[in-house]
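Each value in this text was obtained by applying a stated rule to the coordinates, not by laboratory testing. Predicted, not measured: the structure shown is a model, and the values here were computed from it. A quick note on method: Cβ atoms are made from the backbone with ideal geometry, for glycine too, and the neighbour counts reach across all protein chains shown.
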Amino acid sequence: MTAATLKLNYFDFPGGRGEPARMALNLAGIAFEDRRIPLAEWPTVKAEFPYQQVPVMEVDGKVLNQSNAINRLVGKMADLYPQDNWQAAVCDDVMDTADDLMQLLVNTFFMQEDEKQRVRTELVAGPIPMFLAGLNATLLANGGEFFCDGRMTMADLKILMLTRSLSSGNLDYVPASIVAEHAADLLPHRERVEKLLP
Ligand SMILES: N[C@@H](CCC(=O)N[C@@H](CS)C(=O)NCC(=O)O)C(=O)O
């Protein structure tokens with residue numbers, strides 16, 4: 001792809017679905033307009049976007065939705081997406097699994113407090129450990145250092161967002177130790193990836 005004019009629309013917080021693409025573009029030194037939407041402005045701007053959600057990438061004015069489609073495109077531009085078909089499929093598997101896990105928690109964000117506590121407690125007792133154990137096994141099956149291609153790819157940036165979020169202590173009723181308890185290899189993985197970032 002020849003040099004294109006890029007604009008990434010996402011929220012103004014460091015994390016979430018838009019952050020891996022933002023990190024990859026910065027890491028590769030690819031120029032882009034980094035539109036960071038304050039949460040308070042969201043209700044007034046969401047109708048700008050085709051599905052009223054972000055991230056949305058604009059490439060020479062053309063619009064691309066869906067975070068993992070954006071991650072694949074940006075990953076290819078930034079040389080952070082495997083060329084080998086199997087390795088690329090593993091990269092996709094990991095990115096989609098991270099989304100499946102996070103979506104369980106996103107579904108609870110606007111619940112009443114008592115319902116939030118009940119649902120998150122159930123998630124911590126079963127579904128989240130199941131996803132974490134699976135991701136840990138995938139990391140080990142692919143050599144234990146990075147998720148695919150024997151190097152850092154978009155999959156690793158995506159999992160970094162996940163482990164940072166789950167270990168932050170900011171998610172009520174989700175113990176900050178949950179990654180250590182169910183996916184211990186993801187902690188050194190996080191350090192390994194963070195060392196490669198600016
Ligand atoms: N499947 C979409 C989901 C996008 C999505 O749910 N984005 C959230 C932010 S991470 C959003 O725009 N939420 C605001 C809203 O739905 O009003 C993707 O992966 O990009």
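A few notes on this one:
- Rounded to the nearest 20, the Cβ-based charge dipole of the stretch 6-77 about its Cα centre (Lys and Arg +1, Asp and Glu -1) stands at 220 debye.
- Look at where the Cα atoms of the stretch 16-61 and of the stretch 145-198 average out, and the two centres are 22 Å apart.
- FRET E, pair residue 117, residue 28, Förster distance 35 Å, beta-carbon r, rounded to 0.05: 0.25
- Principal axis dimensions, the stretch 6-77 - Cα atoms, whole angstrom, descending: 32, 24, 19
- Counting Lys and Arg as +1 and Asp and Glu as -1 over every other residue whose Cβ lies under 15 Å from the Cβ of residue 100, the net charge comes to -2.
- Under Karplus coefficients 6.51, -1.76 and 1.60, residue-wise ³J(HN,Hα) of the stretch 86-92 in Hz, glycine/proline x: 5, 4, 5, 5, 5, 4, 5
- Chymotrypsin sites (Phe, Trp or Tyr not before Pro) within the stretch 82-121: DSSP coil, no more than 15 neighbouring Cβ in 10 Å: 109, 110
- Normalised by 2.2 N^0.38 Å, with N the number of residues, the alpha-carbon radius of gyration of the stretch 1-137 equals 1.18.
- Net length gained if the chain between residue 181 and residue 107 were fully extended (0.36 nm per residue, minus Cα distance): 24.3 nm
- Of the chymotrypsin sites (Phe, Trp or Tyr not before Pro) found in the stretch 8-63, those in coil by DSSP whose Cβ has at most 15 other Cβ atoms within 10 Å are 51.
- Unit charges at the beta carbon, dipole of the chain: most positive-side option, 184, 59, 23: 59
- Cα-based Lys pair tally, the stretch 1-145, threshold under 26 Å, eight or more apart or on separate chains: 6
- Contact order relative to length of the chain, as percent, for alpha carbon pairs under 8 angstrom and 6 or more apart: 20 percent
- Counting beta carbons within 10 Å around each of 163, 138, 121 and listing the fewest first gives the order 121, 138, 163.
- Dipole moment magnitude, nearest 20 debye, the chain about Cα centre, only Lys, Arg, Asp, Glu C-beta charged: 300 debye
- 18 Å Cα-Cα reach of residue 195 towards lysines, excluding residues that sit fewer than 8 places from it in its own chain: 158
- Sites listed here are chymotrypsin sites (Phe, Trp or Tyr not before Pro) in the stretch 136-198 whose DSSP assignment is loop and whose Cβ has at most 16 other Cβ atoms within 10 Å: 173.
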